[in-house]
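Reviewing the structure listed below.
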Amino acid sequence: MKVDTDSVLVPLSVFIAVGYHVFLWNTFKHNPSRTSLGIDSSKRKSWFRDIKEGDDKTGMLAVQSLRNKKMVTILTASVSILILLSLAAVTNNAFKGSHLFTAADDIVFGSKNPTIFVLKYASTSLLLAVSFFFSSLAVSYLMDANFLINAIAKKHEGDCDYELTGTGSFREYTRLVLERGFLMAMIGNRVMCVSVPLLLWMFGPLPVFVSSLGLVWVLYQIDFPAVATISVCK
């Protein structure tokens, strides 16, 4: 009796990764002080409130701080598109991971069905493309935030403040753009992380399952600090 491990382990791995991030987002929305995302967001809001109008030094420091985040986001987008292009070359050569081993077993290396073979690369390519898309959006938002924060710092007495629909003020709009940039960067990074287990699918469903468990464990250590008693600003 042949066991179709692809149809069992791969969906289970995806469910574990997606379920973890649903749990993370729910915790972030209802109890942000438990998560590193909530703590970072709180400190970022406090940092943004300390930016004073007309203070060139504070504005320049803020722009330099955002530059580091923008560089990390650009790196994520570059890695995603490079892996995506490499997958295209591998698929074009009809490469199969089981050819690296002499004793290929369907239980370990999964189905050799052409449809499954295409699905392996299509699913990973889709996630990498999504990661590149969100990382590109993040870079755009962060560049806008750089300009807007610098505009706040350069503002002088007598300059007009803009009343923007749905935001209330130019400062609030700038904070919204900044938060969106960090959110898009986080999504792009996490989608790329989730694509790593699927990338190992070429070697079989078992590596996908094991790497998904390892990924969730590592992300949990990062997302949920051992001691998180910092009060979070609303």
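Results, tabulated for the structure shown:
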| item | result |
| --- | --- |
| ³J(HN,Hα), Karplus 6.51/-1.76/1.60, whole Hz, each residue of the range 180-197, x for Gly, Pro | 5, x, 5, 5, 4, 5, 5, 5, x, 5, 6, 5, 5, 4, 5, 6, 4, x |
| In Å², nearest 10: area of D40 left accessible to a 1.4 Å probe | 90 Å² |
| Residue-wise HN-Hα coupling along the range 198-210, computed from phi with Karplus coefficients 6.51, -1.76, 1.60 (Hz; x: Gly, Pro) | 5, 5, 7, 5, 5, 9, x, x, 5, x, 4, 5, 5 |
| Among 198-210, 17-29, 65-77, the order from most to least packed when residues are scored by Cβ within 10 Å on average | 198-210, 65-77, 17-29 |
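The values are calculated or read from the model by the stated rules, or taken from the named source; none is laboratory data. None of the values given here were measured: they were computed from a predicted structure. In this analysis, Cβ positions are derived from the backbone assuming ideal geometry, glycine residues included, and neighbour counts consider all displayed protein chains. Only protein heavy atoms, including side chains, enter the accessible area calculation; ligands, DNA and RNA are left aside. Shrake-Rupley method; radii C 1.70, N 1.55, O 1.52, S 1.80 Å.
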